[in-house]
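The values are calculated or read from the model by the stated rules, or taken from the named source; none is laboratory data. This is a predicted model, so every value here is computed, not measured. Methodologically, a virtual Cβ is constructed for each residue, glycine included, from the backbone with ideal geometry; neighbour enumeration extends over all protein chains shown. Keep in mind that these areas ignore ligands, DNA and RNA; they rest on the heavy atoms of the full protein, side chains included. Shrake-Rupley method; radii C 1.70, N 1.55, O 1.52, S 1.80 Å.
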Amino acid sequence: MNTQETQEKSSFWLIMSAVFFGNFLAVLSITTINVAFPVVMEQFDATLSTTQWLMAGYLLATGIVAPIVGYMGDQLSYKRLFIFALIGFTLSSLLCVVAWNIQTLIAFRITQGVFGGMIIPITMTIIYQVFPRERQAYAMGLWSLASMLAPVIGPTLGGWLVQYFGWKSIFVLNIPIGLISIVIVSKFIPFYRLTEKKTFDFLGFLTVVLGSSLLLLSFSHGNDWGWGSWKTLSLLLSGILLLLFFVWWELRVKSPLLQLKVFKFPRFRYSLMLNCIVTISLYTGTLLVPLYLQTVLKLSPMDTGLIMLPGAIVMAAASPIIGKFYDRIGPFRLVITGVLIIVAATLAFSGIGTHTSVLYISLLQLIRCLGIALCNMPLTNAAMSAVSSEYSGHASSITNWARQGLASLSIGIFSALVVSRTSYYMGAGATTKGVATTMGIDDVFLIGTMVAVVAIPLTFLLRVKKKKPVQHVAV
């Protein structure tokens with residue numbers, strides 16, 4: 001290996017370390033709080049519908065800020081924006097530590113989500129703008145390792161921290177990691193800018209923020225207000241109309257906030273749709289499995305985390321390997337295998353009972369994580385590699401806007417459905433609250449299975465037809 005190759009390899013790993021730790025930090029914070037819900041509810045005397053905003057609010061903020069990341073990265077450069085986001089994330093984590101009631105904790109978590117929502121698309125964009133094409137699939141495998149390992153290891157780590165150091169330690173953990181990440185990004189990621197500065201599309205930003213917020217609020221509180229109430233329906237309709245106006249405006253304005261031209265690439269469209277379905281599957285398990293283990297089986301946060309740990313290990317081992325195989329076999333075979341695994345495992349989860357073995361739960365979670373890992377990196381790389389470098393920031397923003405917004409939507413809907421179905425079964429004569437809760441969770445897992453089944457025919461759209469060789473006629 002010559003000197004230049006050694007330097008390039010060294011540069012790859014230094015930049016990748018900054019990308020990995022930044023992304024891991026932002027995604028980890030989504031689910032470390034999950035196992036702390038019972039403790040936080042007890043300390044602040046809060047209900048589950050209020051406390052779930054610690055997770056849903058974070059996801060809501062990441063979904064709302066995602067559309068502006070492409071514009072901000074074009075103006076400031078992605079290196080400067082990355083540093084800004086890491087500083088904001090670290091400071092907001094400190095504020096969460098000093099929160100004095102559930103309302104301030106939720107407010108600081110939403111602030112944390114704003115900066116975390118910037119980090120996720122920034123790190124993805126850097127991969128496609130800094131690394132050569134032959135290294136991108138492998139880099140995305142490592143990026144996926146961070147983004148997929150974090151939500152699964154989050155409950156394990158969160159459970160250990162909550163049990164031995166209290167719920168505030170979840171946020172204290174972010175501070176040293178954030179500071180180290182800031183140093184790495186400052187020193188090793190190069191400064192660059194691929195596009196010229198342009199005017200800010202304020203109307204587009206206003207409509208997408210308001211539209212996303214109203215839509216997500218309507219789904220999050222639909223169960224409390226009533227799905228047919230004027231408040232739910234008015235927010236839902238207003239959100240849809242604002243987002244439709246946003247799309248219409250972005251296609252006509254000279255300097256759009258978000259380049260919707262990326263949708264002209266078929267592979268980007270199909271991959272994004274599949275990515276959304278996989279996101280729903282991921283957060284179905286992330287919400288329901290810890291809820292079942294702690295509410296029904298009465299396990300501690302630490303035990304809950306340990307049960308979910310095998311899935312994290314499988315995901316950690318699988319993601320880089322999948323990145324290596326991507327260039328050889330393409331996305332289709334990987335994704336169709338992953339989708340079928342997700343469908344089978346989610347269906348199996350819909351049949352759990354009040355005395356189901358924790359070993360069985362852990363095994364099912366492991367299998368689901370393998371399926372999700374097989375889908376995540378291939379879908380993201382298939383989408384991002386379909387667009388040109390100057391649009392990669394906007395493609396990343398759209399991908400994460402859809403994925404994070406849908407994750408928040410899923411958490412809100414599934415939380416409401418569990419409460420609703422549990423109440424239904426209690427009224428229908430369920431013997432105990434635990435039995436009613438289990439039956440409600442089973443129903444939601446069955447809905448998750450039906451959503452995952454939709455991905456099966458969509459996966460075939462990723463197949464690339466091989467071009468027939470040109471027949472040369474001898475003269």
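Numerical summary
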read-out	value
Residue pairs meeting the criteria (Cβ under 9 Å; at least 6 apart or on separate chains; first at pLDDT below 80, in the stretch 213-238; second surrounded by 14 or more Cβ atoms within 10 Å (Cβ to Cβ) and of a type in the set (D, E, K, R))	SER218/LYS231; HIS221/LYS231; TRP225/LYS231
Cross-chain or 6+ apart pairs with Cβ under 6 Å, the stretch 319-340 first and within 16 Å of THR380 (Cβ to Cβ), then basic (Lys, Arg) and open to solvent by 40 Å² or more (accessible area, probe 1.4 Å)	PHE332/ARG463
The stretch 243-262: number of residues that are hydrophobic (A, V, I, L, M, F, W, C) and open to solvent by less than 20 Å² (accessible area, probe 1.4 Å)	4
Selection within the stretch 436-465 - more than 18 Å from ALA348 (Cα to Cα) and open to solvent by 50 Å² or more (accessible area, probe 1.4 Å)	PRO457, PHE460, LEU461, ARG463, VAL464, LYS465
3 or more residues of a type in the set (S, T, N, Q): qualifying helices (runs of 4 or more DSSP H) within the stretch 92-194	102-130, 133-165, 174-188
Positions within the stretch 35-45 being outside any helix (DSSP H, G or I) and modelled with pLDDT under 75, in sequence order	none
One residue from ALA99, ALA137 being modelled with pLDDT under 85 and touching an Asp or Glu at 6+ places or on another chain (Cβ under 7 Å)	ALA137
Which listed residue, of THR156, THR125, is under 30 Å from ASP303 (Cα atoms), in contact with a helix residue (DSSP H, G or I) (Cβ under 8 Å, 6 or more places away or on another chain) and of a type in the set (Val, Ile, Thr)	THR156
Scan of the stretch 107-127 for residues that are over 21 Å from TRP53 (Cβ atoms) and open to solvent by 10 Å² or more (accessible area, probe 1.4 Å), ordered by number	none
Number of the exception - GLY353 against (1) in a helix (DSSP H, G or I); (2) over 20 Å from ASN381 (Cα atoms); (3) not hydroxyl-bearing (Ser, Thr, Tyr)	(1)
Selected residue (criterion: most open to solvent (accessible area, probe 1.4 Å)) from residues of the stretch 401-433 that are modelled with pLDDT of 80 or more and aliphatic (A, V, I, L, M)	MET426
Any hit, the stretch 320-334, residues being open to solvent by 30 Å² or more (accessible area, probe 1.4 Å), at pLDDT 85 or above and either in contact with a strand residue (DSSP E or B) (Cβ under 8 Å, 6 or more places away or on another chain) or outside any helix (DSSP H, G or I) (or both)	no
Test: residue in the stretch 274-285 that is β-branched (Val, Ile, Thr), open to solvent by 10 Å² or more (accessible area, probe 1.4 Å) and not in a helix (DSSP H, G or I)	no
Number of the exception - PHE265 against (1) over 16 Å from CYS369 (Cβ atoms); (2) touching a helix residue (DSSP H, G or I) at 6+ places or on another chain (Cβ under 7 Å); (3) open to solvent by less than 60 Å² (accessible area, probe 1.4 Å)	(2)
Of the criteria (1) open to solvent by 30 Å² or more (accessible area, probe 1.4 Å); (2) in a helix (DSSP H, G or I); (3) of a type outside the set (S, T, N, Q); (4) farther than 29 Å from LEU417 by Cα, which one ILE240 fails	(4)
Test: residue in the stretch 60-71 that is among the small types (Gly, Ala, Ser), modelled with pLDDT of 85 or more and part of a helix (DSSP H, G or I)	no
Qualifying position, being in contact with a Cys (Cβ under 6 Å, 6 or more places away or on another chain) and closer than 30 Å to ILE122 by Cα, among LEU458, LEU406	LEU406
Selection within the stretch 91-106 - under 22 Å from PHE24 (Cβ atoms), in contact (Cβ under 8 Å) with a residue 12 or more places away in the chain and either open to solvent by 10 Å² or more (accessible area, probe 1.4 Å) or in contact with a Cys (Cβ under 6 Å, 6 or more places away or on another chain) (or both)	LEU94, LEU95, VAL97
Yes/no for LEU76 being touching a Ser or Thr at 6+ places or on another chain (Cβ under 9 Å), under 24 Å from ALA18 (Cα atoms) and surrounded by fewer than 23 Cβ atoms within 10 Å (Cβ to Cβ)	no
